[in-house]
Amino acid sequence: MTPRAASVALALGALLAAGCTVPECATPDYSQAECRVIAENNHARLETPSGVEVRFLPAGSLAVDPWDATGLVTHRADGSVTARVAGLGPFTLAVQRDASGPDTLTVELQNVSPRATVTAGPVDAPDRINADALGQTTRRIVVPLPDTEAVFVHGTLDCPTRYTIAVAADIQTNPEQFTRIVEALQQEATRASESGEPLVGLIIPGDVTEASRDEEFDQITEILGRLPFPVAVTPGNHDIYRPTRPHYTLNFGPGNHAFTVCRTHVAMLDTGSGSLAASVQARLLELFDPGEADFSIAAMHHPPYAGWTGAGWSREDQAAHLLADAALAGVDLIVAGHSHSLVDFPAISVGDTTIREIIAGTAGAQQGLGVPRYGYVRLTFSDEIEACFVEVAPPGYADFPNDAPPMGRCAAD
């Protein structure tokens, strides 16, 4: 989310409001969607005490202004900076010092594909950087800052024509079962890499916690850190329960952002409040725009489909408008959670077109009566999008305790 777009939308809202107005989030309430938009923009850039500014930009950008909410930047006590990438694909950071700033800045890059190539340098001379691997998706680089000219840090990713993305939402009170799912993802990633059809990332459409407590975020962050690929997350209603601080944003960065990985464009939308921020609704077509990508996906917590929205959306009209904009932009697939179940709507009618929607609330949350169905949806991209379900049986079951899922179980590797 660019700050310019958010500012324009907020200004229009103020002009149209009747009577006296108060600036948006003058008294912050991060249970409100627009407050989280402001937070994700604020935390996508940082000026360090030593006079170095770091900001996320649209992937591939070579202009420092404006910054873009495609990641989370934080300062560390040792003077270094942590930059967590929000998406699964390429990314760009701009690093610039003032006249009295240091000659280098150490940056810890988080949530980066181990297959990514990292370069850094001025506009006309980026060099490949030898980054220290601190984990499977974490690297430490020392960015040279020879003068006050901006240095651009780019992460790029080469992909084969066939690859996969996993989807699972709603962990909540059951990180133990989610750990079992992560173990299955680790095994699949190894097999996929050996076959030349990599698993490039995991999408989580919300509810990584039950009560948005710090210890819950810490536990899920540690579990996700075991994966050998990046994760794209957007908040659910359970992730925004403590409104005095932007806890979700401070852990995962923006809930509203878009990225392209391989040939797939993905728009992540924050519906944690049961609604979209006005500034986000105003730019849905921009977020959905696939550019040159062959496929387009939208991910959000609450399913935007009549009959499945009433339990979550506080603005049913927004859900309908979202579907209309998605159809207009040519979105191929919507993935969601909130309903603790696995549901496949192959063809939702929107005007004279259709959109497929998959609800994958199967990452561990309580599912009511009966034996729960846990696991993740595997999306394979080649000439089309193929979907199947990798079931991860709960403890005590040697075999799958349920009938075949609606899109079928993935074939055994």
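Is the shape of segment 189-295 best called rounded, prolate or oblate, per the rule: a/c under 1.5 gives rounded, else a/b larger than b/c gives prolate, else oblate, with a ≥ b ≥ c the square roots of the Cα gyration tensor eigenvalues?
oblate
Contour minus end-to-end for Thr354 and Asp98, with contour as 0.36 nm per residue of separation and end-to-end as the Cα-Cα distance?
Result: 87.0 nm gained on full extension.
Which GluC sites (Glu not before Pro) from segment 345-406 combine a DSSP loop assignment with at most 12 other Cβ atoms within 10 Å?
Of the GluC sites (Glu not before Pro), the ones in loops of segment 345-406 whose Cβ has at most 12 other Cβ atoms within 10 Å are Glu384.
Considering the options Val142, Ala232, Ala324, tell which one lies farthest towards the positive end of the dipole of the chain, charges being +1 on Lys and Arg and -1 on Asp and Glu at the Cβ, about the Cα centre.
Working it through, the farthest residue towards the positive pole turns out to be Val142.
Might you report the magnitude of the Cβ-based charge dipole of segment 21-156 about its Cα centre, with Lys and Arg at +1 and Asp and Glu at -1, to the nearest 20 debye?
540 debye
Which number comes out as Rg/Rh for the chain once both Rg and the Kirkwood Rh are worked out on C-alpha atoms?
Using only Cα positions, Rg/Rh for the chain is 0.96.
Taking a label point 7 Å from the Cα of Ala211 along the Cα→Cβ vector, which residues of segment 143-183 have an amide N closer than 18 Å to it?
Residues 171-176 qualify, since their backbone N sits under 18 Å from the label point.
Going by Cα centres, segment 126-148 and segment 259-287 are how many Å apart?
That distance is 30 Å.
Once Rh for segment 228-383 is found with the Kirkwood sum over Cα pairs, what is the Stokes-Einstein diffusion coefficient at 37 °C and 0.692 mPa s, in µm²/s?
Translational diffusion coefficient: 204 µm²/s.
Out of all DSSP beta bridges in the chain, what portion is antiparallel? Express it as a percent rounded to 5.
70 percent
So how strong a dipole does the chain carry about its Cα centre when Lys and Arg Cβ are +1 and Asp and Glu Cβ are -1, to the nearest 20 debye?
Result for the chain is approximately 300 debye, rounded to the nearest 20.
May I ask which residue of Ala168, Thr117, Gln219 lies farthest towards the positive end of the charge dipole of the chain, with charges of +1 (Lys, Arg) and -1 (Asp, Glu) on Cβ and the Cα centre as origin?
Gln219
With point charges of +1 on the Cβ of Lys and Arg and -1 on the Cβ of Asp and Glu, referenced to the Cα centre of the chain, which listed residue (Ala398, Phe381, Gly101) lies farthest in the positive direction of the dipole?
Result: Gly101.
For each of Ile203, Ile223, count neighbouring Cβ atoms within 10 Å of the residue's Cβ, then give the residues from fewest to most.
Ile223, Ile203
Just so you know, all these numbers are worked out from the coordinates, no wet-lab data involved. Please read these numbers as outputs of a predicted model, since none were measured by experiment. Cβ coordinates were reconstructed from backbone atoms using ideal geometry, including for glycine residues, and neighbour counts include every protein chain displayed.
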